[in-house]
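First comes the structure, then the notes that go with it.
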Amino acid sequence: MTKPLRILVADPNQVARQLIMRSVTSWRPAEFAYVGTAAEARAALSTEGEAFDLMFVESELPDDAGSRLTKWVRIDDASPRPNLPVVLMSAGFPQEGMKTAFHAGAHFLLQKPFNQSRVTAIVDEATSAYPNFIVGPSYIGPDRRTARRPIRQDRRHAGSSSVQIVDDPAGYALEKDTLIVVFDYLRLRLSRAAPELFRDFLLRPHLQQAIHNIPAVRERVLARVTEQHASLRIESEALALGADANALHRMNGTALQIANTTSTAGFALMAAISTSLHHHTSGAYEISDRLVRFLVTHVSALGSAVAHRIFDDGGNVGQSIIATIGVAEAVFRRSAAAKTV
């Protein structure tokens, strides 16, 4: 007989509780615990005993946001199982709210009002297909890079030597240049392991080494980007004084290095700026005063991100920087196109 799922529902709404309970128990055994606040949820998750297999969380609890509770599950020492599947529920998810929820480490978003089929589909996937778990300088949580429609700002690169794959979290040693640690469930999948083994694959002590390494990783990446940014500034100043295409070529290579490093580390704002800078130093445009001013805008924006230690997307300030570069790009491209006519 299938072992009952243990599901925690953090939602003061009785209707939502009952609908989730009926949806799940209509097709498989399940045991439910209900709480109405984030504090009660933390207490339930911290209590010794049989672990929960899944948690549903209302995005706006009376005492805290559901996204902050989700982040607590991922990073707090009092949370015993950082890989607990979390479903964040809301009556409306604006784009910014979705990004916040995913950045906190939610596995799924569930729009209210919801129906039984949607709930059963989520429960089936959440309890049978654990995604790999990422620990990095800007994100700790489930790997969503294989999602059908990932949030653009949340994409991460995995093809780097700075990414260390771990298939035995109870016994691993961090490699010298590791930026990202990916705890990989492949071995369990190949062995067709029981659901309980997936649930217990990653416990809080397993993450300590990777999490304690994050401050050092940030400083290492920041030092590297700071040095590379200094080179960009020198080359951009040389261009302003009439340097030839070699300076542009050197900027292009440096921007690519920064883009690769910062995108791997999850530094979304720095990665976006340096990626745009790499594109516009590729030689597709002739060197002109307008191009030089446009490139200086990128170098200045990147310098601000480095100086203010913006390790994520920068929030509203970061969006404003990217929007400003986008507007400048549109003007620059129109000017470049006009010259070719």
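Sparsely packed loop sites in region 1-62 (the chymotrypsin sites (Phe, Trp or Tyr not before Pro) outside DSSP H, G, I, E and B with at most 16 other Cβ atoms within 10 Å) comprise TRP27.
Rounded, prolate or oblate: which fits region 1-152, taking a ≥ b ≥ c as square roots of the Cα gyration tensor eigenvalues, rounded meaning a/c under 1.5, else prolate when a/b beats b/c? Here region 1-152 falls in the rounded category. Shown in residue order for region 56-68 are the 3J(HN,Hα) couplings computed by the Karplus curve 6.51 cos²θ - 1.76 cosθ + 1.60 at θ = phi - 60°: 9, 9, 5, 5, 10, 7, x, 10, 5, 7, x, 5, 5 Hz (x for Gly and Pro). Only one residue of VAL331, LEU248, ALA238 has its Cα farthest out toward the positive end of the dipole of region 198-341, where Lys and Arg carry +1 and Asp and Glu -1 on Cβ, and that residue is VAL331. Efficiency by 1/(1 + (r/R0)^6): what FRET value for ALA245 and SER304, r their Cβ-Cβ distance, R0 = 25 Å, to the nearest 0.05? Efficiency for this residue pair is about 0.35. Entry note, region 5-212: relative contact order of 17 percent, from Cα contacts under 8 Å with a spacing of 6+ residues. Against the main long axis of the alpha-carbon atoms of the chain, helix 116-128 sits at an angle near 80°.
The dipole here belongs to the chain: it is taken about the Cα centre, uses +1 on the Cβ of Lys and Arg and -1 on the Cβ of Asp and Glu, and is about 760 debye.
You can think of it this way: the chain between GLU219 and SER335 has 37.8 nm of extra reach, that is 0.36 nm per residue less the Cα-Cα gap. The label-point distance for VAL317 and TYR172, in a model that sets each label 7 Å from Cα toward Cβ, rounds to 3.3 nm. Among the GluC sites (Glu not before Pro) found in region 2-54, those both in a DSSP coil and sparsely packed, with 13 or fewer other Cβ atoms within 10 Å of their Cβ, are GLU48, GLU50.
Summary value for region 244-341: 30 percent relative contact order, contacts being C-alpha pairs under 8 angstrom separated by 6+ residues. Applying the Karplus relation 6.51 cos²θ - 1.76 cosθ + 1.60 with θ = phi - 60° to region 46-55 yields 3J(HN,Hα) values of 7, 5, 5, x, 5, 6, 7, 8, 6, 9 Hz, where x marks Gly and Pro.
Relative to the longest principal axis of the Cα atoms of the chain, the long axis of helix 214-240 makes an angle of roughly 20 degrees. Counting only residues at least eight positions apart within a chain, or on another chain, the aspartates and glutamates with an alpha carbon under 15 Å from that of LYS112 are ASP11, GLU58, GLU60.
Of the beta bridges in the chain, as assigned by DSSP with both residues counted there, near 25 percent are antiparallel.
Rule-based calculations on the coordinates, nothing more; no lab input. Quick caveat: nothing in here was measured; it's all calculated off a predicted structure. For neighbour counting, all protein chains shown are included, and Cβ atoms are generated from backbone atoms with ideal geometry for every residue, glycine included.
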